[in-house]
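Chemist: What follows is a single structure, and I will ask about it in a moment.
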Amino acid sequence: MICIEIKRPGSPEVLVPVERPDPVPGPDEVLIRVAGSGVNRPDVLQRKGAYPVPPGASDIPGLEVSGTIAAVGSGVKQWKVDDRVCALVAGGGYATMCVAPAKQCLPVPQSVDLVEAGGIPETFFTVWTNVFDRGRLRAGETALFHGGSSGIGTTAIQLATARGATVLATAGSDEKCRACEELGAKQAINYKTADFVEAVLQLTDGKGVDLILDIVGGSYVSRNLEALAMDGRLVLIGFMSGESTAPVDFRRIMARRLTVTGSMLRPRSVEEKGQIATALRTEVWPLLDRGAVRPIVHRVLPLAQAAEAHRLMESSEHVGKIVLGR
Ligand SMILES: NC(=O)c1ccc[n+]([C@@H]2O[C@H](COP(=O)([O-])OP(=O)(O)OC[C@H]3O[C@@H](n4cnc5c(N)ncnc54)[C@H](OP(=O)(O)O)[C@@H]3O)[C@@H](O)[C@H]2O)c1
């Protein structure tokens, strides 16, 4: 197979295409002939040497793929050769062949192109487990998604809206704000020209929002607490600010009965990821099948241009996902 190696920690040009033997699926795994693989911020951190590969995972970057099944392990009953799937993987996605645990595969939704389906799993698994499971967002509640134009944000806006929540978002330009609103956000706030706490309080009649999904960290943490309503939940999943520590007034948490939580998807067990896949299949796949929710794909680049894909991601010019096609 052809795959992309990280030659050494560094800037995008350390991503180099090489030839390696095809991976061999274990008893509970499938081998996928990859059509598309999504690019995610954690891949950028891994390339820079700031995101260690979990034990047992491939050193090749790439957390999600789509394609057709080329072989199944001896214990796999639910998939067969030639099935079209998309899968969450713990690594190895930037390749022409990739193994995935059978439980972490889902069928390619009827309304989605095979290549673009490679941009579904990472954000849909992450948003489901953090917004609806851990964050308990319900219909009728209001959520704030920071980084509304990111891969994570474009997924969160669509899913929360489709499930009956009111959505506010932040983004770094007026153009990105409009894109968030086109996806269903009631209002998007340009965080470079407006204070998001003031804007949120104004838009919610001083009440605040029920849930915030934060990818920024640092100074946003205490500001998020100011923007949360009574019984509000803050779910931390990333630190785009580069700061993972922050001073917090715990009185605010006590007085407003707030919950502060977070999670990382990649190190979770196959069993846990399988449970998320089962919930997605029931709750979200019908929305994807009929096109009510879709992966927002900014650009598809050839696998050999992985370095260019990372440059594009780091420019933050994109809205939605960047996908490597074959
Ligand atoms: N915990 C988990 O399990 C998990 C899983 C997947 C991803 N993540 C995290 O989720 C985040 C988004 O990932 P992604 O793949 O969707 O990335 P992405 O599409 O590249 O989006 C990142 C966005 O962050 C915004 N941003 C950059 N610097 C910022 C800053 N200083 N303040 C505010 N916003 C900033 C940028 O938009 P603007 O133009 O608006 O600034 C950019 O669009 C990353 O932090 C990633 O590590 C976590």
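The values are calculated or read from the model by the stated rules, or taken from the named source; none is laboratory data. Keep in mind that this is a model prediction, so the values were computed, not measured. Note: ideal-geometry Cβ built from the backbone for every residue, glycine included; neighbour counts use all protein chains shown. SASA here: full protein model, heavy atoms, side chains in, ligands and nucleic acids out. Shrake-Rupley method; radii C 1.70, N 1.55, O 1.52, S 1.80 Å.
Chemist: Within the bounds of segment 199-215, is there any residue that is within 13 Å of the ligand (Cβ to nearest atom), closer than 30 Å to Asp43 by Cβ and over 19 Å from the mean Cα position of the chain (by Cα)?
Modeler: no
Chemist: Does Pro42 count as under 30 Å from Ser316 (Cβ atoms) and of a type outside the set (Asp, Glu)?
Modeler: yes
Chemist: Among the candidates Gly36, Gly49, Gly67, Gly93, single out the residue that is in a strand (DSSP E or B) and within 16 Å of the ligand (Cβ to nearest atom).
Modeler: Gly36 is the lone residue from the list that is in a strand (DSSP E or B) and within 16 Å of the ligand (Cβ to nearest atom).
Chemist: Pick out, from segment 227-326, the helices (runs of 4 or more DSSP H) lying fully within it that include 3 or more residues that are under 30 Å from Ala194 (Cβ atoms).
Modeler: By residue number, 250-256, 306-315.
Chemist: Next up: Just for segment 245-266: of the residues that are within 21 Å of Val53 (Cα to Cα) and either open to solvent by less than 80 Å² (accessible area, probe 1.4 Å) or more than 11 Å from the ligand (Cβ to nearest atom) (or both), which one is nearest to the chain's Cα centre (by Cα)?
Modeler: Leu265
Chemist: Tally up the residues in segment 229-242 that are touching a helix residue (DSSP H, G or I) at 6+ places or on another chain (Cβ under 9 Å) and open to solvent by 30 Å² or more (accessible area, probe 1.4 Å), please.
Modeler: Residues flagged as touching a helix residue (DSSP H, G or I) at 6+ places or on another chain (Cβ under 9 Å) and open to solvent by 30 Å² or more (accessible area, probe 1.4 Å) within segment 229-242 amount to 6.
Chemist: Oh, and also: Hey, which of the helices (runs of 4 or more DSSP H) in segment 119-215, taking only ones fully inside, have at least 2 residues that are closer than 17 Å to Phe239 by Cα and either touching a strand residue (DSSP E or B) at 6+ places or on another chain (Cβ under 9 Å) or not hydrophobic (A, V, I, L, M, F, W, C) (or both)?
Modeler: 121-127, 151-162
Chemist: Hey, another quick one. What are the residues in segment 224-245 that are under 22 Å from Thr129 (Cβ atoms) and not hydrophobic (A, V, I, L, M, F, W, C), if any?
Modeler: Listed by number, the residues that qualify are Asn224, Asp231, Gly232, Arg233, Gly238, Ser244.
Chemist: Quick check on Glu226: is it open to solvent by 20 Å² or more (accessible area, probe 1.4 Å), among the acidic types (Asp, Glu), free of Cβ contacts under 8 Å to residues at least 24 places away in the same chain and over 23 Å from Phe125 (Cβ atoms)?
Modeler: no
Chemist: Still on this structure, I have one more. Residues in segment 173-196 that are farther than 22 Å from Ala292 by Cα and crowded, with 19+ Cβ neighbours inside 10 Å: how many?
Modeler: So the count comes out to 3.
Chemist: Select, from Thr204, Thr161, Thr170, Thr154, the only residue that is open to solvent by less than 10 Å² (accessible area, probe 1.4 Å), modelled with pLDDT of 95 or more, among the hydroxyl-bearing types (Ser, Thr, Tyr) and under 20 Å from Ala139 (Cα atoms).
Modeler: Among Thr204, Thr161, Thr170, Thr154, only Thr154 is open to solvent by less than 10 Å² (accessible area, probe 1.4 Å), modelled with pLDDT of 95 or more, among the hydroxyl-bearing types (Ser, Thr, Tyr) and under 20 Å from Ala139 (Cα atoms).
Chemist: So Glu317 fits all but one of (1) more than 18 Å from Gly153 (Cβ to Cβ); (2) within 15 Å of the ligand (Cβ to nearest atom); what number is the exception?
Modeler: Answer for Glu317: the failing condition is (1).
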